[in-house]
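Worksheet: one structure, shown below.
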Amino acid sequence: MEKAAQVGIIMGSDSDLPIMQEAAKFLQDLDIPFELTIVSAHRTPQRLMEYASKAKERGLQVIIAGAGGAAHLPGMVASITPLPVIGVPIKSSNSIDGWDSVLSILQMPNGIPVATVALNGAKNAGILAASILGSSNADILQKVASYKAKLEQQVLDKVQQVKEKGWPNSFD
């Protein structure tokens, strides 16, 4: 039996999929069930309302919302659902170097928070969603801790590689 999705991954357009799939891949690697779909704040406002208003009753615990340009999707979802929303600003074809997306998601009014990751930072959104879930699930928390331990080991391995190349190093 397939586990019910704990994380919703939504995006404004299929052109956002190459970025947003990084969140999905991370959650998949940690065996965290998720759903992924397109919900456009501007082109499908009724779909947005239905998705956000029914997310909690469907079992979702966190929503990751990616959007480019005006990037209203994360904020609109956050205004409707009580669930935590993580916004992923996306540098899209109609974007001004991505800053319009970053600021649209980052500058939410008081009372409607959206956690915001870096431009095109969907993998970080997946990691943050897993960390949120891990705050009440020891198995997920251990998986996140193991992932971070791997990151640490990768850096330490690179430190050793630099040493082996004979570069001066006074910090150990």
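A compact table of results
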{"item": "Of residues in region 56-75 being within 16 Å of the chain's Cα centre (by Cα) and not in a strand (DSSP E or B), the one farthest from Pro109 (Cα to Cα)", "result": "Leu60"}
{"item": "Qualifying residue in region 88-106 (condition: more than 16 Å from the chain's Cα centre (by Cα) and basic (Lys, Arg))", "result": "no"}
{"item": "Hits in region 106-153 (condition: under 20 Å from Ser92 (Cα atoms) and charged (D, E, K, R))", "result": "Lys123"}
{"item": "Some residue of region 42-49 being over 18 Å from Ile132 (Cα atoms) and within 12 Å of the chain's Cα centre (by Cα)", "result": "no"}
{"item": "Boolean, Pro113 is closer than 23 Å to Gly66 by Cβ and surrounded by 10 or more Cβ atoms within 10 Å (Cβ to Cβ)", "result": "yes"}
{"item": "Helices (runs of 4 or more DSSP H) wholly inside region 78-172 that include at least 1 residues being basic (Lys, Arg)", "result": "122-134, 138-164"}
{"item": "Failed condition for Gly98, given (1) under 28 Å from Leu60 (Cα atoms); (2) surrounded by 11 or more Cβ atoms within 10 Å (Cβ to Cβ); (3) not basic (Lys, Arg)", "result": "(1)"}
{"item": "Selection from region 14-37 of residues that are of a type in the set (A, V, I, L, M) and surrounded by fewer than 17 Cβ atoms within 10 Å (Cβ to Cβ)", "result": "Leu17"}
{"item": "Search result, residues across region 36-55 that are in a loop (DSSP other than H, G, I, E, B) and within 9 Å of Ile10 (Cβ to Cβ)", "result": "Val39"}
{"item": "Some residue of region 85-96 being without any contact (Cβ under 8 Å) to a residue 24 or more places away in the chain and either among the β-branched types (Val, Ile, Thr) or more than 23 Å from Met11 (Cβ to Cβ) (or both)", "result": "yes"}
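The numbers here are math on the coordinates, done by the rules we state, and not lab data. On a predicted model such as this, the values are computed, not experimentally measured, just so you know. Every residue, glycine among them, receives a Cβ derived from its backbone with ideal geometry; neighbour counts consider all protein chains shown.
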